[in-house]
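Structure first, then comments.
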Amino acid sequence: MCGRYVMARATSDLVARGGAEPDEELVLRESWNVAPTAEVPILVAHAGEHGEVTRRIHVARWGLVPPWAKELSVGSRAFNARSETVAQKPTFRSAVRARRCAVPVEGYYEWKAPEPGQKGADGRAAKKQPFYVHPAGGGDGEGPVIWFAGLYEWWKDPEAETRGEDPWVLSCSILTCASPDPRDDDGTLASLGALHDRLPVPLDESLLAEWLEPVKLGSAEEAEDLVARVVERAESVASGWELRPVGTAVGNVRNNGPELIEPQGGVQERLV
């Protein structure tokens, strides 16, 4: 699962890393506590009149709103899409065939549930411990970023025009897959498996262009095949991540600053 993440890169840096066309009007807001329904950058490939493909960074609402939705709030329940069912679920099946994107993040937060009966330092029942998951050598405004496999859709707000507003809303979702089995590894993958049973799907560099390709796949089966190939490479990418215990302040979306990703002392970084 991915329900909070960090994206505080300068616009020019993100454009360059994604191989996107420069856009002087694009301004990205720094955030160390991105939550669903927030505006987030996504990387989209566009086909030109003569078959050329260009990439652009767009700003989308995190939480996919399908074209047939009656209200915007549908997206608050669709910020993640399960890879196992994405080609069949009505909310996502059109997008996975024709509107795929990449969602850049510096790292993301995940909460580790305490073991049954586990006690805290005060003798009371232990609480969930947040961890910051990020690429080795990155996660702090420098180094690599993660490109999560994402989907996007356009939704027309039927009431926006009466308010004199742009009726079109661009929204997105992040794919997830089953986490690695902690029994199969003794390193980062085992720790990720112990942290949560779902993993946001990172795009392997060799599959990024194919995932972004601006073509409509011919069937749900073709979409399932592409998703399967992306998921197959997910653990290889995730094996290069690191986990950092952080403070519980990240649980409140009103808290937003680089102090949220500072390591918390006294907590073991290794989970298994």
Tell me, which strands (runs of 3 or more DSSP E) wholly within segment 10-117 include 1 or more residues that are among the basic types (Lys, Arg), touching a helix residue (DSSP H, G or I) at 6+ places or on another chain (Cβ under 9 Å) and buried (at least 21 other Cβ atoms within 10 Å of the Cβ)? 53-62, 100-105
In segment 161-191, residue most open to solvent (accessible area, probe 1.4 Å) [restricted to those that are among the charged types (D, E, K, R) and within 27 Å of LEU43 (Cα to Cα)]: ASP166
Quick test for you: out of ARG229, ARG254, pick the one residue that is over 23 Å from GLY138 (Cβ atoms), in a loop (DSSP other than H, G, I, E, B), open to solvent by 20 Å² or more (accessible area, probe 1.4 Å) and without any contact (Cβ under 8 Å) to a residue 60 or more places away in the chain. ARG254
Give segment 179-198 a look and list any residue that's out of contact with any Asp or Glu (no Cβ under 8 Å at 6 or more places or on another chain) and among the hydrophobic types (A, V, I, L, M, F, W, C), or say none. LEU192, ALA194
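Among what's in segment 150-160 and is touching a Cys at 6+ places or on another chain (Cβ under 9 Å) and either of a type in the set (Phe, Trp, Tyr) or over 15 Å from GLU71 (Cβ atoms) (or both), pick the residue that is surrounded by the fewest Cβ atoms within 10 Å (Cβ to Cβ). Before you say what the answer is, go through the steps one by one.
Looking only at segment 150-160, we keep the residues that are touching a Cys at 6+ places or on another chain (Cβ under 9 Å), and these are 150-153.
From the residues that got through so far, the ones that are either of a type in the set (Phe, Trp, Tyr) or over 15 Å from GLU71 (Cβ atoms) (or both) too are 150-152.
Details: GLY150: 29, LEU151: 26, TYR152: 20.
Once the filter is applied, the top-ranked residue is TYR152.
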Please verify whether segment 133-149 includes one or more residues that are of a type in the set (Val, Ile, Thr), open to solvent by 10 Å² or more (accessible area, probe 1.4 Å), assigned to a loop (DSSP other than H, G, I, E, B) and within 23 Å of ILE261 (Cα to Cα). yes
Quick one: in segment 192-214, of everything that is open to solvent by 60 Å² or more (accessible area, probe 1.4 Å) and assigned to a loop (DSSP other than H, G, I, E, B), which residue is farthest from ALA98 (Cα to Cα)? ASP197
Within segment 21-45, tally of residues that are over 15 Å from the mean Cα position of the chain (by Cα) and either modelled with pLDDT of 95 or more or within 18 Å of ASN252 (Cα to Cα) (or both): 2
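The values are calculated or read from the model by the stated rules, or taken from the named source; none is laboratory data. What you are looking at is a predicted structure, and each value in this text was computed from that prediction instead of being measured. Heads up, the Cβs are rebuilt from the backbone with ideal geometry, glycines too, and the neighbour counts pull from every protein chain shown. Just so you know, the surface numbers come from the protein's heavy atoms only, side chains and all, with ligands and any DNA or RNA stripped out. Shrake-Rupley method; radii C 1.70, N 1.55, O 1.52, S 1.80 Å.
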